[in-house]
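Here is the structure we will look at.
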Amino acid sequence: MRKVVLITGGAKGIGKAIAEIMASSSYDVVINYRSSKDEADKLKDELVSKYNVNVLTYQADVSSEEEVDEMVSYIEDKLGGVDILVNNAAVDLSNMFHEKKIEDFKKTLDINVIGAFIVSKRVYKHMLDNKWGRIINISSTNGINTYYPMCLEYDASKAALNSLTHNLALQFAPYINVNAVAPGFIGTESELDGYDEEFLKLEQEKILVGRYGDPKEVAKVVKFLASDDASYINNTIIRVDGGQYGSN
């Protein structure tokens, strides 16, 4: 029986790359999205056609406990439950400090941190019943030691997600491995938008491999952490940043 992976924010960017690599590895895939319905439906059709696995799409705001409960209940009805959770859904509402709004700060925390907590809390009992599970949080080097005041709320949310990772690993031991992947600059559809060329040039010079990352390079680490090959990796934050050094 194939394991089921739920990817929040799975229709685009890193989430899409994770969905693709997991489907190609014979996992059943659930693509959660909030507003990217067209992208999610298109991705579903592609994955079913190419890999002959079960793929579901489901619209839900991960910061809503009610919507998450309905989503996971649907997955349980259709596929039996969630064996692997990838908490990838996130927002980055970067802006100049004097233009920042409290409601944007709260929204960032609601989705990036509280959302990961809500979904993890909803799915963990199935994993414990099976005495096997994986929770993989998509964090960021912004939550470790790469700081930009323009996105301080995003940075704070990812630092909190790292803390959540450690606490959930302790809470769910020994049967559920909880880890986080912390990408640096990744060349997704929108990652590099909004930055001027000089800034991007300076940041690229801080990456030891001399280039920005590809979403597939993050997805490969997630695939490894989801596998039995990573059974002895737990409570860890793995950087995928090309050797990027501090920007503070």
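Read the figures in this text as sums done on the coordinates, not as results from a lab. Because the structure is a prediction, the values reported are computed rather than measured. Ideal geometry is used to build each Cβ from the backbone, glycine not excepted, and the neighbour counts take in all protein chains shown.
How much length is gained if the chain between Val209 and Ser49 is pulled fully straight, taking 0.36 nm per residue apart and subtracting their Cα-Cα distance, in nm to one decimal?
Values: separation 160, 0.36 × 160 = 57.60 nm, distance 3.54 nm.
Result for the pair: 54.1 nm of gain on full extension.
Residue ranges 2-9, 217-224 sort as 2-9, 217-224 when ordered by packing (mean number of other C-beta atoms within 10 Å per residue, highest first).
Enclosing the Cα atoms of region 56-162 in their convex hull gives a volume equal to 94 cubic angstrom per residue.
Based on the alpha carbons, how large is the Rg to Rh ratio for the chain when Rh follows Kirkwood?
Details: Rg = 17.3 Å, Rh = 18.1 Å.
With Rg and the Kirkwood Rh in hand, the quotient comes to 0.95.
At a threshold of 8 angstrom on Cα-Cα distance, excluding pairs fewer than six apart, so keeping six or more, what relative contact order does the chain reach in percent? Taking the mean separation of contacting Cα pairs over the length of the chain, I get 19 percent.
Based on the Cβ-Cβ distance from Lys201 to Leu93, what FRET efficiency comes out when R0 is 30 Å, to the nearest 0.05?
On the way: r = 25 Å, r/R0 = 0.82.
For R0 = 30 Å, the calculated efficiency reads 0.75.
Determine the distance separating the Cα centre of region 22-42 from the Cα centre of region 208-242; give it in Å without decimals. When both Cα centres are located, 20 Å separates them. Near Tyr33: Cβ cut-off under 13 Å, other residues only, Lys/Arg at +1 and Asp/Glu at -1. The net charge is +1.
Place the peptides 154-164, 201-211, 58-68 in order of packing, highest mean first, counting for every residue the other Cβ atoms within 10 Å and averaging per peptide. List each step's numbers first, then the result.
Working: 154-164: 20.8, 201-211: 12.4, 58-68: 18.7.
In descending order of packing, they fall as 154-164, 58-68, 201-211.
Between Glu39, Glu153, Glu197, the GNM of the chain built on Cα springs shorter than 10 angstrom shows Glu197 fluctuating the most.
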